[in-house]
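The values are calculated or read from the model by the stated rules, or taken from the named source; none is laboratory data. All values derive from a computational prediction rather than experimental measurement. Counting neighbours? That spans all protein chains shown, and the Cβs are built from the backbone with ideal geometry, glycine included.
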Amino acid sequence: MSPTRRRVLAGMAALAPGALAGCVGGGGGGDDEENAEDEKEEGVHPDLRLNGRALTSVFPARFVDVETEKGAVEVHWHEEHAHWHAQPLEVPLDSFRSLRFIALDREREPLSIGGDAPYQFDVLRGEDTPADLIEVEVFENILTVHGTAAGRGVLYAQLLHDGEEVWLSPPLHVEVVA
């Protein structure tokens with residue numbers, strides 16, 4: 001067995017008793033609801049916390065093409081640097097592209113977004129994105145992008161909880177192609 005593998009196994013063995021016992025805190029009093037909330041968010045990066053829920057740390061969000069039902073782009077999460085896979089998001093010039101936004105919780109279940117759901121979805125333009133590049137419209141969890149001029153820009157997917165931002169995606173590069 002290699003020295004590296006031995007160190008990994010020894011480290012896992014040292015952590016096992018605490019993990020099996022479930023001991024992570026001092027266990028001193030406090031509000032049960034508050035303790036339950038802390039346990040839910042323990043080990044979750046602050047950028048993935050959503051007012052009592054949390055996004056998965058694997059691929060927390062994606063856009064799916066409404067027409068084809070195929071994934072268009074998805075966020076690949078890293079604590080230091082998250083990014084979108086399969087970008088730039090291409091939009092044909094003088095045409096529309098509709099995408100469904102899906103955010104997944106830690107159990108990989110989609111969040112309810114839009115309508116009477118507690119979560120809402122919106123899109124923000126990057127600061128340097130030309131105003132005439134694209135027109136965007138959001139309805140519930142559907143983003144429709146209209147390519148109005150050839151070029152490149154940036155969008156940000158925004159997840160809101162009761163009207164307040166709880167998550168902002170990394171920059172999504174968009175390219176309008178002729």
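A quick yes/no check of all residues on (1) in contact with a Lys or Arg (Cβ under 9 Å, 6 or more places away or on another chain); (2) outside any strand (DSSP E or B); (3) over 21 Å from GLY52 (Cα atoms); (4) of a type in the set (Ser, Thr, Tyr):
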residue	(1), (2), (3), (4)
GLU74	yes, no, yes, no
HIS81	no, yes, yes, no
GLN87	no, yes, yes, no
SER98	no, no, yes, yes
PHE101	yes, no, no, no
LEU104	yes, no, no, no
GLU107	no, yes, no, no
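May I ask you to say which residue of ARG100, ARG108, ARG152 is basic (Lys, Arg) and under 21 Å from ALA178 (Cβ atoms)?
Of ARG100, ARG108, ARG152, the one residue that is basic (Lys, Arg) and under 21 Å from ALA178 (Cβ atoms) is ARG152.
Could you check the stretch 115-178 for strands (runs of 3 or more DSSP E) lying wholly inside it with 1 or more residues that are closer than 22 Å to ALA82 by Cα?
Numbers: elements: 119-125, 134-139, 142-147, 151-161, 164-168, 172-177.
In the stretch 115-178, 119-125, 142-147, 151-161, 164-168, 172-177 are the strands (runs of 3 or more DSSP E) which contain 1 or more residues that are closer than 22 Å to ALA82 by Cα.
Looking at the structure I just gave you, is VAL154 closer than 20 Å to PRO170 by Cα, surrounded by 14 or more Cβ atoms within 10 Å (Cβ to Cβ) and modelled with pLDDT under 85?
Judged against the criteria, VAL154 is not a match.
Six or more apart or on different chains, Cβ under 7 Å: which pairs go from a residue in the stretch 71-95 that's within 15 Å of PRO170 (Cα to Cα) to one that's surrounded by 15 or more Cβ atoms within 10 Å (Cβ to Cβ) and among the acidic types (Asp, Glu)? Could you list them?
TRP84/GLU74; HIS85/GLU74; PRO88/GLU175
For PHE121, all conditions in the list (1) over 24 Å from GLY43 (Cβ atoms); (2) touching a residue at least 12 places away in the same chain (Cβ under 8 Å); (3) more than 13 Å from the chain's Cα centre (by Cα) hold save one; what is the number of the exception?
PHE121 satisfies all of (1) over 24 Å from GLY43 (Cβ atoms); (2) touching a residue at least 12 places away in the same chain (Cβ under 8 Å); (3) more than 13 Å from the chain's Cα centre (by Cα) except (3).
Can you spot a residue in the stretch 157-178 that is in contact with a helix residue (DSSP H, G or I) (Cβ under 9 Å, 6 or more places away or on another chain), loosely packed, with under 15 Cβ neighbours inside 10 Å and either closer than 20 Å to VAL73 by Cβ or not assigned by TED's automatic domain parsing to the domain that holds GLU69 (or both)?
Taking every residue of the stretch 157-178 in turn, at least one turns out to be in contact with a helix residue (DSSP H, G or I) (Cβ under 9 Å, 6 or more places away or on another chain), loosely packed, with under 15 Cβ neighbours inside 10 Å and either closer than 20 Å to VAL73 by Cβ or not assigned by TED's automatic domain parsing to the domain that holds GLU69 (or both).
Test PHE96 against the criterion of being at pLDDT 90 or above, surrounded by fewer than 18 Cβ atoms within 10 Å (Cβ to Cβ) and of a type in the set (Phe, Trp, Tyr), and give yes or no. Please lay out each step first, then the result.
On the way: at pLDDT 90 or above: yes; surrounded by fewer than 18 Cβ atoms within 10 Å (Cβ to Cβ): yes; of a type in the set (Phe, Trp, Tyr): yes.
Yes; evaluated as a whole, the condition is true for this residue.
Within the stretch 130-141, can you find the residues that are touching a residue at least 24 places away in the same chain (Cβ under 8 Å) and either buried (at least 16 other Cβ atoms within 10 Å of the Cβ) or under 13 Å from VAL91 (Cα atoms) (or both)?
Hits for the stretch 130-141 are LEU133, ILE134, ASN141.
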